[in-house]
1. Determine the dipole magnitude for the range 12-67: charges of +1 sit on the beta-carbon of Lys and Arg, -1 on that of Asp and Glu, nothing else is charged, the reference point is the Cα centre, and the result goes in debye to the nearest 20.
2. How much length is gained if the chain between E53 and H65 is pulled fully straight, taking 0.36 nm per residue apart and subtracting their Cα-Cα distance, in nm to one decimal?
3. From the Cα gyration tensor of the range 12-67, with a ≥ b ≥ c the square roots of its eigenvalues, which class applies: rounded if a/c is under 1.5, or else prolate if a/b is larger than b/c, or else oblate?
Amino acid sequence: MRAGRGAWLDSRAMTQADLTHQRLVRAALELFTTTGYHLTTTPLIAKKAGVAEGTIYRHFASKQHLASRKAPSTGTSPRSSTS
């Protein structure tokens, strides 16, 4: 029962900043996949995530730093290897 309570507390502890961070990562990854890294601009990422462009820089130092983030809750990495 304790583990269940902890999981509930973790999900309730999700702040607006956490949600914004997740939206930015998801928007960026989708745009990088469909448009390509070099053609994806920070204004495009911000628009897709529904935030102002400056908000990106509250969460990430650069577009490159944002690109290095993994999608939340995937549990896998495309670069992981089993060998």
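Values in this text are rule-based calculations from the coordinates and carry no lab data. Since we're looking at a predicted model, the values are computed, not measured. A quick note on method: Cβ atoms are made from the backbone with ideal geometry, for glycine too, and the neighbour counts reach across all protein chains shown.
1. Magnitude of the dipole: close to 100 debye.
2. 2.8 nm
3. Since a/c reaches 1.5 and a/b is larger than b/c, the shape of the range 12-67 is classed as prolate.
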